[in-house]
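Structure record follows, encoded as structure tokens.
Only the coordinates and a few stated rules stand behind these numbers; no lab work does. The structure presented is a predicted model; accordingly, all values stated were derived computationally and were not measured. Cβ: placed from backbone, ideal geometry, glycine included. Neighbour counts: every protein chain shown.
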Amino acid sequence: MAANWGCAGVYRERSPPERSIHTESFDDFPGESLVTAVLTEGEGETTLVATLLYLSKEVRDAVIKSGMEHGAAESYDKLAEMLATAEDSGISAGVQVG
């Protein structure tokens, strides 16, 4: 059974469609991280690079130990599937930050 975690964050910079910077904090983890997401396009493909900056090595290590990267990888895989399905259907898929 998957765990349910509360989370919060604030956008610090939005430069659609190329870049966003936001904070993330999760229940049961101290402090918050700073996430920089950069989208680049080349040869018909879009690449997302997300860089997370933690307040300390201890917080980073706690996140790694929690296994959260597996959930993140699964979410990105599902996003890729959704976008591929939309493209195959002729639907214009886009991501919009509210």
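Here are the numbers for this structure:
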{"read-out": "For the chain: relative contact order, % (alpha-carbon pairs under 8 angstrom, 6 or more apart)", "value": "15 percent"}
{"read-out": "For the chain, calculated [θ]222 nm from helices alone, where every DSSP H run of n ≥ 4 adds -39500 (n - 2.57)", "value": "-10500 deg cm²/dmol"}
{"read-out": "Efficiency of FRET between VAL38 and ASN4 - r from beta-carbon atoms, R0 35 angstrom, step 0.05", "value": "0.75"}
{"read-out": "For the chain, size of Cβ-based charge dipole, Lys and Arg +1, Asp and Glu -1, in debye", "value": "380 debye"}
{"read-out": "Rounded to 10°, Cα long-axis angle of helix 68-88 versus longest principal axis of the chain", "value": "10 degrees"}
{"read-out": "Surrounding net charge for TRP5, when Lys and Arg each add one and Asp and Glu each subtract one, Cβ distance under 13 Å", "value": "-3"}
{"read-out": "Charge sum, other residues only, whose C-beta stays under 15 Å from HIS22's C-beta, Lys/Arg counted +1 and Asp/Glu -1", "value": "-1"}
{"read-out": "Additional length obtainable on full extension of the chain from TYR76 to THR51, 0.36 nm per residue less Cα span", "value": "7.6 nm"}
{"read-out": "Principal-axis tilt of helix 57-66 within the chain, Cα atoms, nearest 10 degrees", "value": "70 degrees"}
{"read-out": "For a label point 7 Å along the Cα-to-beta-carbon line of GLU87, residues of segment 39-66 with backbone N under 16 Å", "value": "39-49"}
